[in-house]
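So the structure is just underneath, and the comments pick up after that.
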Amino acid sequence: MLSARTTVAFPRIAAFLPAILEALAAHDMPVTPQDGTFVAASPFGEALLTPGREHLGIHIRAATGPELNRVRHAVTGLIGFVAKSEALRIVWEGDEVGPTFPPDLRILTVRNIQAITPRMRRIVFEGEDLARFETSDQIHTRLLFQPEDVTIPEWPMLDDAGLIVWPGGAQRLGSRVYTIRRVDAPKGLLWIDFFDHGGSGPGARWLRRAVPGDVVGALGPAAHGPKPARRILLVGDETGLPGIARILEDAPDDMEGLALVIVADESERQLLRMPKGVEIRWLLRASPTLASEQKPLSAAVRALDWSVDQRDLFVWVGCEFHDFRAIRHFLRDEAKLPASQIVAFSHWRRGMSEEDIIAIGGDAVAA
């Protein structure tokens, strides 16, 4: 068993600890409290976080070098992102293994591409050893896109500082997070629905030129799957639609509930498979009734009947940041739904790229 430790000077640890633990759990590292220490377990190893008055002690353990660096990277990256404003200095001591390939990196090859709607493309990928992606509670993956001029793909590595070592010493690989629409591990197939929002980010550029035989890297899975419940409320825009579709397809036959989905117009509606007890309502931005609404998705959530007992309800929300923030505020502060019954997150933020969000850190998603 390999291990490494660090003690991080962290004057405001009490303010940031809940968000750090939540981020770890969302990225396939569920946390268990143990006598003043929080144990975050992952498929690669574990991290023990012991908060002090103005510091945070971290001890990580794993069976192999690649797994140790994977845990080290996850802890370093998530804490650094959540507490970006604190400019923390995280220096590890203990076992050093040198740069290693991420043990959860899978290479996927485009098998075919299908147009689902005018702006939604479904890509079926082929790959090996995809069983780790076949999970219902971790439904996202980070894809790595090779530059257009690369003929021999190169992939990042993880070092003993918990940082990514990019090919050529620079981040030439673009990356974005997507919902895994479906997985068939025995057949080595993985489906992802891409929404072409018209932007110029690495995912959008890759999507427009993608052809069968192209390769991408996939890391994960992570984050934001559904929780068991008798009733569901699913809320999202085009970026949340793949997750909503997957949750509905995987739901038990006796599930009851409602899905609220906002899309541009009639052409972006999809025929979804779902239990008979679940209704889907399509909100169309092009319709005159929504044209004057500043936050039509949030308004649709507010308009529901929240006077009935909600103890058997689970709510899943995936959409643009400002809509997400308004909906989460309503659910927690006005509808009084406990956090254990909510999974809510923003897929994107209007006017900001992922690089902008990373530069700001946790404030960009928690403001």
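Roughly how big is the chain's charge dipole about its Cα centre, with Cβ charges of +1 (Lys, Arg) and -1 (Asp, Glu), in debye to the nearest 20?
Details: 41 positive and 48 negative charges, 108 e Å.
I would put it at about 520 debye.
Remark on the stretch 169-271: Rg and Dmax equal 15.9, 53 Å (Cα only).
In plain terms, the residue of T289, T141, T117, T37 with the fewest other Cβ atoms within 10 Å comes first and the most crowded comes last, giving T289, T37, T117, T141. Over all directions, the projected convex hull of the C-alpha atoms in the chain averages 19.2 nm² in area. For the chain, DSSP calls about 70 percent of its internal beta bridges antiparallel. For the stretch 2-94, the equivalent ellipsoid derived from the Cα gyration tensor has semi-axes of 19, 14, 12 Å, listed largest first. When the inverse distances between all different Cα atoms of the stretch 106-223 are averaged and flipped, the Kirkwood radius reads 14.8 angstrom. Expressed per residue, the C-alpha convex hull volume of the stretch 244-344 stands at 112 Å³.
Write down the Kirkwood hydrodynamic radius of the stretch 195-241, to one decimal in angstroms, obtained as one divided by the mean of 1/r over all alpha carbon pairs.
Values: mean 1/r = 0.0709 Å⁻¹.
Hydrodynamic radius (Kirkwood, Cα pairs) of the stretch 195-241 is 14.1 Å.
Show me the ranking of peptides 213-219, 1-7 by mean Cβ neighbours inside 10 Å, starting with the highest.
Working: 213-219: 18.6, 1-7: 16.3.
Sorting 213-219, 1-7 by mean packing, highest first, produces 213-219, 1-7.
Principal-axis analysis of the Cα atoms of the chain puts helix 65-82 at an angle of about 60° to the longest axis. The local environment of I342, defined by Cβ-Cβ distances under 10 Å, has a net charge of +3 under the rule Lys, Arg +1 and Asp, Glu -1.
DSSP loop (so not H, G, I, E, B), at most 12 other Cβ within 10 Å: list which GluC sites (Glu not before Pro) in the stretch 1-71 pass both filters. Working shown, then result.
Numbers: sites: E22, E46, E54, E67; in loops: E54.
Answer by residue number: E54.
When you count the other C-beta atoms within 10 angstrom of each residue and take the mean per peptide, 240-252, 329-341 line up highest first as 240-252, 329-341.
Applying the criteria of a DSSP loop state and at most 13 other Cβ atoms within 10 Å to the GluC sites (Glu not before Pro) of the stretch 105-203 yields E128, E148.
Read the figures in this text as sums done on the coordinates, not as results from a lab. Only a predicted model underlies this, so the values are computations on that prediction, with no experimental measurement involved. Every residue, glycine as well, gets a Cβ built from its backbone with ideal geometry; the counts of neighbours run over all protein chains shown.
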